[in-house]
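I have placed the structure first, in the form of structure tokens, so that the comments after it can refer back to it.
Just so it is clear, none of the values below were taken in a lab; they were calculated from the coordinates. Note that the structure is predicted; figures quoted are calculated from it, not measured. Every residue, glycine as well, gets a Cβ built from its backbone with ideal geometry; the counts of neighbours run over all protein chains shown.
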């Protein structure tokens, strides 16, 4: 790619569709850009075009097809490192094989069985907050709940969760707030840790997802040892990060729209569509990177040569007026809702049902147990994690009527 006429993007615009549109300086569904880490890309921002890119068999995850000038950005993607050998970075038929094994274990029935435990954890986290009348809902709820749920699902001991959180945050800050050395160190820790988990489950299978994945493998559908560890890492790290952001961003969207908050509190039948609108309005993911053209493709009338990096913007796709009516309106009755916050096609987020379940329990419980909920600071005082991959609030300070019982 000739980057001389590319738009150089910093981290800040990625979570804000309006700001990103201003930075791109023009209309159209595809733009030539340089990402904050210096990597050139074709950024796809149109809703239909993002769906096309996620479905096109000539736009692949394999970095082997990337042009030579991109290789300096792809040290981890080109390696056999545990961070990259999972289904999210795989193409068919490997992706199909891996996802089949994980899907056999990560069933809707297993997810729904978690509802009582998710409710219990939510109540345990809220109990000490209620007499205070104030809280940071990121630190107190949106962050610890998904970590607890995914760790229980995979059988991670409680004592290990703080270090798991720190290591996962290092990795989800990749290309932005984490150095390559820090990411590699965190990846090696996950490799050692998941190796121990797998060995433990092989010796003593339990009622957890790792044991279920081991039991799901047969002669036709198997994972290598590194693929198994890598997919466990994927479920641990990606599985909690996006849910943290759904909870925090969704609660913030409701708090910034008091009429919507009141409507959902009065009519819980609106909860489902409110969650989908929260996913659209403030996507947990800021950009999807590391897809490459295995052959020339045309997206939105723009021809992209073979070997190029294609990046996708869920926030802008979710605000695309060609697909979404009145996109800047937070409409908790919007249905259907064409957001792409969980992706599309074969890489549609396998953990989406669990994330939605956690949001349903959390939003319902917060509305019940925190009367008078309101932001404790003006919205413009809120800050975000410095990453162009994920869109996470640093904190969400709120006030509410304290429970004096």
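Restricting to the stretch 332-371, what's the tally of residues that are part of a loop (DSSP other than H, G, I, E, B) and within 18 Å of residue 129 (Cβ to Cβ)? Result for the stretch 332-371: 2. Please tell me if residue 298 is closer than 15 Å to residue 391 by Cα and either free of Cβ contacts under 8 Å to residues at least 60 places away in the same chain or surrounded by fewer than 23 Cβ atoms within 10 Å (Cβ to Cβ) (or both). So residue 298 does not fit the description; no. Looking only at the stretch 1-38, count every residue that is surrounded by fewer than 18 Cβ atoms within 10 Å (Cβ to Cβ) and closer than 26 Å to residue 67 by Cα and tell me the total. Total satisfying the criteria: 12. Does residue 183 satisfy the condition of being in contact (Cβ under 8 Å) with a residue 60 or more places away in the chain and touching a helix residue (DSSP H, G or I) at 6+ places or on another chain (Cβ under 8 Å)? Spelling it out, residue 183 is indeed in contact (Cβ under 8 Å) with a residue 60 or more places away in the chain and touching a helix residue (DSSP H, G or I) at 6+ places or on another chain (Cβ under 8 Å).
Considered as a group, the residues in the stretch 266-295 that are within 14 Å of residue 41 (Cα to Cα) and in contact with a helix residue (DSSP H, G or I) (Cβ under 6 Å, 6 or more places away or on another chain) include one that is surrounded by the most Cβ atoms within 10 Å (Cβ to Cβ), and that residue is 287.
Residue 336: under 24 Å from the mean Cα position of the chain (by Cα), farther than 17 Å from residue 256 by Cα and without any contact (Cβ under 8 Å) to a residue 12 or more places away in the chain, yes or no? Here the answer is yes, as residue 336 does meet what is asked.
Residues considered: 140, 135. Of these, the only one that is out of contact with any helix residue (DSSP H, G or I) (no Cβ under 7 Å at 6 or more places or on another chain) and closer than 30 Å to residue 374 by Cβ is 135.
Take the conditions (1) crowded, with 22+ Cβ neighbours inside 10 Å; (2) part of a helix (DSSP H, G or I); residue 223 misses just one of them, which is (2). Of the residues 320, 331, the single one that is touching a residue at least 24 places away in the same chain (Cβ under 8 Å), touching a helix residue (DSSP H, G or I) at 6+ places or on another chain (Cβ under 8 Å), crowded, with 18+ Cβ neighbours inside 10 Å and within 24 Å of residue 142 (Cβ to Cβ) is 331.
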